[in-house]
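The values are calculated or read from the model by the stated rules, or taken from the named source; none is laboratory data. Since this is a predicted model, take the numbers as computed values, not measurements. Positions of Cβ are backbone-derived with ideal geometry, glycine not excepted, and every protein chain shown enters the neighbour counts. The protein model used for the area step is the full one, side chains on, heavy atoms only, and it has no ligands, DNA or RNA in it. Shrake-Rupley method; radii C 1.70, N 1.55, O 1.52, S 1.80 Å.
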Amino acid sequence: IDVPYTGIVFSDNSIRMLVLDKKNKHPIFFSETPLEHGIIEMGKIKNENALSRILSEKRAELKSPFVRFSIPDETSYVFTTKIPVLPGKAAKESVSFILEENVPLPLSAISFDFVVQKIVESQNGYFAKVAVVATSTSLIEVYVSLLRKAGFEALLCINESQATVYSVVPKGGTAVYAIMHVHKESVGIYITSGQCLEFS
C-alpha cells in the first residue's frame, strides 16, 4: 500500500527523520535529535524508556503513523554467495541453508533479505549469485515494539549501508561504486554493483 511515511535513521548519536513530498521528492519535514550517550550503543537499544519518550514527542509532529527505518551497520551482516538453482526449490530456502556459515547466530534467531544479482551456468548446473543482509530478529523486534509504543507503524526495516546505497546510487545503474560514509566516530565503506550492496 503506497501510504505517506517517515524515514527514520537510528544511530548511536542521533535519530534523524525525513518526510519527502511524494510528487517532487523534496523534503517537507526533517529533524535530527541528538541522543545522550548510552541510549543506543553499537546499534543496540540500551535505554528503552528514553528512546520511547523521544519517539513519542516526534510522533506528535507528524501526520502519518507509518515509518520505514534503518538500523546501524554494526547490527548487520552483509555478504555475497552462490546458491544452486534447483527446480521446485525457493531461493529463500537455499539462502537459509548457508546463513549459519556467515552469521554467528542460530538460524531461528536470524531475519534476512537477499537480492539475486545474476544467474550463471556451470558444469554442475545453474547457480545464482546473491547479496545477503542478515540481522538478529530480536533486535528488530525491539525497534518495532518501541515504534509502536510511540504510535508509529513500521512498514520496512533496512540496514544503514543499504539505505545509503539506495540514496546515492542512480536507479537502474550497473556500475561498481565505492562509497565512504563518514560518521562522527566511524567511517562506513561500502562496495556496490549498481544499487546492490556487496560489501559493508
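Taking a ≥ b ≥ c as the square roots of the Cα gyration tensor eigenvalues, with a/c under 1.5 meaning rounded and otherwise prolate when a/b beats b/c, else oblate, which class fits region 49-120? Before the final figure, lay out the partial values.
Values: a/c = 3.24, a/b = 2.25, b/c = 1.44.
Prolate, since a/c reaches 1.5 and a/b exceeds b/c.
Could you run the Debye sum over the Cα atoms of region 97-155, one equal point scatterer each and no solvent, and tell me log10 of I(q)/I(0) at q = 0.19, 0.20, 0.24, 0.29 Å⁻¹, two decimals?
-0.81, -0.85, -0.97, -1.10
If each residue of separation counts as 0.36 nm, what is the full-extension length gain between His37 and Glu121 once their alpha-carbon separation is subtracted?
On the way: separation 84, 0.36 × 84 = 30.24 nm, distance 5.11 nm.
Contour length minus Cα-Cα distance gives 25.1 nm.
Averaged per residue, what accessible surface does the chain expose to a 1.4 Å probe, in Å²?
On a per-residue basis, the chain sits at 59 Å².
I'd like to compare 160-170, 136-146: which one has the highest average count of other Cβ atoms within 10 Å, and what's the full order after that?
Ranking, from highest mean packing down: 160-170, 136-146.
Once you have the alpha carbon radius of gyration of the chain, what is it after dividing by 2.2 N^0.38 Å, with N set to its residue count?
Here the answer is 1.10, to two decimals.
Quantify, in whole percent, the carbon and sulfur part of the accessible surface of region 44-200 (1.4 Å probe; protein heavy atoms only). If you can, show how the numbers build up before the last one.
Working: 4750 of 9030 Å².
Here it works out to 53 percent.
Can you give the charge dipole size of the chain about its Cα centre, rounded to the nearest 20 debye, using +1 on the beta carbon of Lys and Arg and -1 on the beta carbon of Asp and Glu?
Using Cβ point charges on Lys, Arg, Asp and Glu, the chain gives about 600 debye.
In Å, what Kirkwood hydrodynamic radius results for region 86-199 from the alpha-carbon pair distances?
Numbers: mean 1/r = 0.0608 Å⁻¹.
One decimal place: 16.4 Å for the Kirkwood radius.
Could you tell me the largest-minus-smallest coordinate of the C-alpha atoms of region 1-106 on each of the three principal axes, in descending order and whole angstroms?
Result, largest extent first: 50, 38, 19 Å.
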